[in-house]
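This report concerns only the one structure given below.
Readers should treat all values here as calculations from the given coordinates under stated rules, not as data from a laboratory. Nothing here was measured: the structure is a model prediction, and the numbers come from that model. Glycine also receives a Cβ, built like all others from the backbone with ideal geometry; neighbour counts cover every protein chain displayed.
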Amino acid sequence: MAKSVTVKQLVDSLDLKIHNGEEFLDRKIVTDDISRPGLELTGYFNYYPQKRIQLFGKTEISFSEQMTSDERLIIMQRLCQPDTPAFLVARGLTPPKELIQATTEKGIPLLGSNQSTTRLSSNLTNFLEAQLAERISMHGVLVDIYGMGVMITGDSGVGKSETALELIQRGHRLVADDRVEMYMMDGRKIVGEPPEILSHLLEIRGIGIIDVVNLFGVGSIRLSKIVNLVVNLELWDKEKTYDRLGSGEEKKRILDVDVPKISIPVKTGRNLAVIIESAAMNTRAKNMGYNATETFERNLEKLIKKNSLE
């Protein structure tokens, strides 16, 4: 994990209710795992994950109601460990008074939500995964093209930002320019977002910094996007052989995830925005099961067989 998140950040992001412990919202959350303390309510504490947020749903509350008040207080006090960040009660349920007493004594926030336990657990995990995930910074421009997150890379001065500007003019959306912060989600997807200082800003040589929102409106930006394709711009080299059929499969490895990659040679007269737009649509078609290269190869094979018979 790269860092910690405060309970206050969690409360603000998920719009949680504070039952008590508002003065302790600076407590740190260091793991994205969530605990539902079912076994602990029975008295089994051998493997109690005390560093996790403790989530109470209808099952936990109903079980605790079968105990006597003294039994509940003993269990709730054992649940309140020094490094337990917070307790959260779902479904708008009323926390047991013993839990309120124990959290107050130990200085641990007790939170609530009207969401179902399953949905709340999912939202908690998604938020904490995004905040606590390992992050890297990559040089390039991330643009949302027809719903595809396209990361444009290449040497400085090759025309990445200028190409992104034309893509924005064509109705696509900027995510980040110059530097893109990336993290892994669900163990198989890479999400990119801008550093706070560079959000919705674009640098164009000869003009300087432009504010994309002011020029093109709020519909021209996104705050984050899954990276579906990496497009590397490189200066045209007449000595190099470029893939003409699209049969060569390149990958860019980012945080242990392989992302499809294509290399586009930059040459005077080439409209890079249109080419990248087409590359994004072609990748999307492949993801939906249609591969133009395979169709061409099948047609070529049929033509060869037909000519050989003649």
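Report the net charge of residues surrounding Gln54, where surrounding means a beta-carbon distance below 13 angstrom and charges are Lys +1, Arg +1, Asp -1, Glu -1. For residues surrounding Gln54, the net value is +2.
A Förster radius of 35 Å, combined with the Cβ-Cβ distance separating Tyr44 from Asn123, puts the computed FRET efficiency at roughly 0.80. Size descriptors for the range 6-66, from the alpha-carbon set: Rg then Dmax equal 13.1, 34 Å.
Springs between Cα atoms under 10 Å define the GNM used for the chain, and in it the highest mean-square fluctuation of Gln115, Gln66, Gln169 occurs at Gln66. Could you compute the net charge surrounding Ser220? Neighbours are other residues with a C-beta less than 13 Å from the C-beta of Ser220; K and R count +1, D and E count -1. For residues surrounding Ser220, the net value is -1.
Maximal additional length on extending the Leu198-Glu250 stretch stands at 15.8 nm, based on 0.36 nm per residue less the C-alpha distance. Beta bridges assigned by DSSP with both partners in the chain are antiparallel in approximately 65 percent of cases. Checking the cross-link pairs Lys51/Lys106; Lys8/Lys97; Lys51/Lys225; Lys8/Lys106; Lys189/Lys225; Lys3/Lys261 against a 20 Å limit on the alpha carbon distance flags Lys8/Lys97; Lys51/Lys225; Lys3/Lys261 as lying beyond it. Each 10 Å bin from zero holds the following percent of Cα-Cα pairs in the range 1-157: 10, 37, 29, 11, 8, 4, 1, 0. Protection proxy ranking, highest mean first, for peptides 159-165, 233-239, 190-196: 159-165, 190-196, 233-239, where packing is the per-residue count of other beta-carbon atoms within 10 Å, averaged. Give me the Debye-computed log₁₀ of I(q)/I(0) at q = 0.21 Å⁻¹ for the range 174-310, equal point scatterers on Cα only, no solvent, two decimals. Each listed q corresponds, in turn, to -1.41. Maximal additional length on extending the Gln77-Lys97 stretch stands at 6.0 nm, based on 0.36 nm per residue less the C-alpha distance. Estimated from helices alone, the mean residue ellipticity of the chain at 222 nm is -10000 deg cm²/dmol (sum of -39500 (n - 2.57) over DSSP H runs with n ≥ 4, per residue). Relative to the 2.2 N^0.38 Å rule of thumb, the chain has a C-alpha radius of gyration ratio of 1.36. Count Lys and Arg as plus one, Asp and Glu as minus one, and take only other residues whose Cβ is under 11 Å from that of Ala102; the net charge is then +2.
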